[in-house]
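Read-outs: derived from the displayed coordinates by stated rules, not from any lab. The structure displayed is predicted, hence computed values, not measured ones. Virtual Cβ from ideal backbone geometry, glycine too; neighbours counted across all protein chains shown.
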C-alpha cells in the first residue's frame, strides 16, 4: 500500500504538468445517474463489489438510495459502467454514519453530505501509473457537484487501511471510530472535508490544479440539479439488480 507521502511525491511529469492534468481523465466519463438504466448500472457495480467480492450481506439498493444521488464512471471505449459512489444529503434525513456515530457539532445540520457505497470494478482499480483514475474522476465530480447543492462538509466513514486516500485529498479525522455491523463488523473511522477550506488545504497540493481549477468535458454536472432518489417505480431497480 502506498502512503500519503509516497503518493504526494509520485513522479508526475514535470515538463508539462498542465498537459498531464488536462489529459488525466481521457477515456472516461463521470456523471450523475438520472435514468433507470443509469441507476441499474450503478447498482450492478455495487452488487458485484459489495456482495460478490467483499461478501457484505447488504441490500442493493437500500433505504438510503431513495434520498441520495448516485454517480457513475464509464469506460468510453466499451461504454461500460466501471465505478460508482453515492451522495446522501443530511437535509433529506439521517446519514448512514449516524447508525454508528453521534456526529460532531460541525457536521450536523443541513450542509453535510455523506459519501458512501464507493465501488470500482477490480480491473479498473489500478493503471499504468500510481493514479486511481476512476477514483479521481468520481471525486472530481463530487467536488463539482457538492457546491451546486449547497454542501459544505463531505462526510465519509473509512476503513483504517484506506484513510491514506482521503488524507491525501485533505479529509480530516474526527477521531471517532466504530465497527460497522452491516459491513462484516469492520472498523471504520469518521472523517470529513470542509469545502470552505478546500482552496487553502489544496493550495500547495500536487493535484491542487486538478481538484480546484481544471475543467473536464468528461465530468458532466447537470445544468439542472436532479432531485435525490429515483423519480420512478423503485421496483424496476430491484428487478434490474436482482436484489
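Can you check how the C-alpha radius of gyration of region 17-134 compares to 2.2 N^0.38 Å, as a plain ratio?
Dividing the Cα Rg of region 17-134 by 2.2 N^0.38 Å gives 1.18.
Find the relative contact order for region 4-241 and round it to a whole percent, using C-alpha pairs within less than 8 Å whose residues are 6+ positions apart.
In percent, rounded to a whole number, it is 26.
Based on other C-beta atoms within 10 Å, arrange 33, 54 from fewest to most.
Values: 33 22, 54 14.
Arranged by neighbour count, lowest to highest, 33, 54 become 54, 33.
Starting from the 7 Å offset along Cα-to-Cβ, what nm value, one decimal, do you get for the label separation of residue 182 and residue 79?
Result for the modelled spin labels: 3.4 nm.
Please report the relative contact order for region 28-99, taking Cα pairs under 8 Å with a sequence separation of at least 6, and give it as a percent rounded to a whole number.
35
Roughly how many nanometres apart are two label points built 7 Å out from the Cα toward the Cβ at residue 215 and residue 108?
Each label point is offset 7 Å from its Cα along the Cβ direction, giving 4.0 nm.
Rounded to the nearest 0.05, what FRET efficiency do residue 56 and residue 22 give with R0 = 35 Å and r taken as the Cβ-Cβ distance? Could you check?
0.40
Given the DSSP H assignment, sum -39500 (n - 2.57) over each helix run of at least 4 residues in the chain and divide by its residue total; what's the result at 222 nm in deg cm²/dmol, nearest 500?
Calculated mean residue ellipticity at 222 nm is -6000 deg cm²/dmol.
When the chain is fully extended, how far beyond the present Cα-Cα distance does residue 48 get from residue 225, taking 0.36 nm per residue of separation?
Taking 0.36 nm per residue and subtracting the Cα distance, the gain is 60.9 nm.
Quick one: order 163, 120 by neighbouring beta-carbon count within 10 Å, fewest to most. Spell out each step's value before the answer.
On the way: 163 17, 120 20.
Final ranking by Cβ density, sparse to dense: 163, 120.
Could you work out the pair-distance distribution P(r) of region 4-241 from its alpha-carbon pairs, with 10 angstrom bin width and percents rounded to whole numbers?
In order of increasing distance, the bins hold 7, 32, 40, 19, 2, 0 percent.
Mind sorting 75, 185 by how few other Cβ atoms lie within 10 Å of their own Cβ, fewest first?
Details: 75 17, 185 8.
Ascending Cβ contact count within 10 Å gives the list 185, 75.
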